[in-house]
Amino acid sequence: MEKQTLGQKIFELRKAKNMTQLELANMLNITDKAVSKWERDISCPDINTFPKLAEILGVSVDELLQANADAKAEHGEKKDTFDMVLKAIPLAMSVAVIILTFVDQLYWEDAATLLAIAVLSFSIKNFREK
């Protein structure tokens, strides 16, 4: 069984209280767009918001945080493998450029392509971490 993310948990609890995103947002002095982003797992509440959010939704802070921890643990292995590949690509491309240049088997266009792939992979990895 798939675990709930924090966003799914907030959505479920808000709906159970028959609250709109705007009503919840007003109670927290934030925008309804922020609540929407939480529920879509695009962002998450500020750490200082959790106590009041938990109180409004009628759960403990631990219960809210556990939802996200369970979902991350379930998907962690796939994410770790993908991140490892994203880390390996720049290294592999750089090593390939060095070796092929050393044996005089690489044209500058090919080197630029390999290095562009490395930079792109590095950028994706850094973007995913943010």
| request: Arrange E23, E55 by Cβ neighbour counts within 10 Å, fewest through most, would you? | output: E55, E23
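Relative contact order, percent, of segment 2-67 when contacts are C-alpha pairs under 8 Å separated by at least 6 residues?
On the way: 60 pairs, mean separation 26.1, N = 66.
Reported as a whole number, the value is 40 percent.
From the square roots a ≥ b ≥ c of the eigenvalues of the alpha-carbon gyration tensor of segment 4-58, which class results: rounded (a/c under 1.5), prolate (a/b over b/c), or oblate?
Taking the square roots of the gyration eigenvalues as a ≥ b ≥ c, segment 4-58 is rounded.
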| task | Return the label of the correct value of P(r) over Cα pairs in 5 Å bins from 0, in percent, as calculated from the structure shown, out of (1) 2, 11, 19, 21, 17, 11, 8, 6, 3, 1, 0, 0; (2) 2, 11, 20, 26, 22, 13, 4, 1, 0; (3) 2, 10, 15, 16, 11, 9, 8, 7, 6, 6, 5, 3, 2, 0. | result | (3)
| Order of I56, I10 under a 10 Å beta carbon neighbour criterion, fewest first | I56, I10
| remark: TM-like helix rule applied to the chain (DSSP H, alpha carbon span at least 20 Å on the long axis, mean Kyte-Doolittle at least -0.5) gives 61-102, 108-129
| Once label points are set 7 Å from the Cα along Cα→Cβ at both E12 and N29, what is their separation, rounded to one decimal in nm? | 3.1 nm
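Each reported figure results from applying straightforward, stated rules to the coordinates on display, with no laboratory input. All values reported here derive from a predicted model rather than from experimental measurement. Reconstructed Cβ throughout: ideal geometry from the backbone, glycine too, with neighbour counts over all protein chains shown.
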